[in-house]
Amino acid sequence: MTIKHLALSLLLATLAFVGCKKEEEPKDPEPTVNVIIPGIGTTVLKIGDVAQKAIDLYGTPLPSYGAAGGQYFHFLVYSSKGVTIYLEPTPEATFNPQMKIESLKFSGVYSAKTEKGIGIGSTKAAVIAAYGNPDSSSQFFGDEYAIGIIFFYDGTDKVESIEVE
């Protein structure tokens, strides 16, 4: 074997060794504590964000919409996450991921709580202790607070869903 062949073999062996080197495992980002913020959204998804941000966060749902008076009301439903995202009304029937979020509704398995510790399953008494009496109250439209949050209760006065607008 000539020196040229030996040098080429060493070079190839070095490249093969370097190419097989295990890459460093990416570090998980620090866990984000998700908090429901009245009038804003959550710490990870806010009113005014584009729908694409929700899709990036929760995955691609089947977009849905309703229509009335020439306006389309698009929404994204993530049942397995307990999140429904309502988008701003538009004259467009076709979903566009750049549409803006108008409100968020949390229910079922959604585990985040408000900054005052209220979440799905909290009692109506706990909500009133944390936020005071609602500005308006209705069996069908929930207990609405002017700060941009609505609590809906089940038949035992436990929070069934929370809407941020």
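Every read-out reported here was derived from the displayed coordinates using simple, explicitly stated rules and does not represent laboratory data. As the structure is a computational prediction, the values presented were derived from the model and not from experiment. Methodologically, a virtual Cβ is constructed for each residue, glycine included, from the backbone with ideal geometry; neighbour enumeration extends over all protein chains shown.
List, in order, the whole-Hz ³J(HN,Hα) value for each residue of the stretch 143-159 obtained from phi through the Karplus relation with A = 6.51, B = -1.76, C = 1.60 and θ = phi - 60°; use x for Gly and Pro.
9, 9, 10, 4, 6, x, 9, 10, 10, 10, 10, 8, x, 10, 6, 10, 4
Of all DSSP beta bridges in the stretch 35-164, what percent run antiparallel (nearest 5)?
95 percent
Based on other C-beta atoms within 10 Å, arrange Thr123, Thr94, Thr114 from fewest to most.
The most exposed by this proxy come first: Thr94, Thr123, Thr114.
Which percent of Cα-Cα pairs in the stretch 35-164 sits in each 5 Å bin, short to long?
Pairs per bin, as whole percents: 2, 11, 21, 22, 18, 14, 9, 3, 0.
Where Lys and Arg each count +1 and Asp and Glu each count -1, what net charge lies around Asp143 among other residues with Cβ under 10 Å from its Cβ?
Its environment carries a net charge of -1.
Rg (Å, one decimal) plus Dmax (Å, integer) for the alpha carbons of the stretch 94-165?
Rg, Dmax (Cα atoms, Å): 13.0, 43.
Output the pairs from Lys81/Lys105; Lys53/Lys116; Lys53/Lys124 with a Cα-Cα distance over 21 Å in this structure; if there are none, say none.
Lys53/Lys116; Lys53/Lys124
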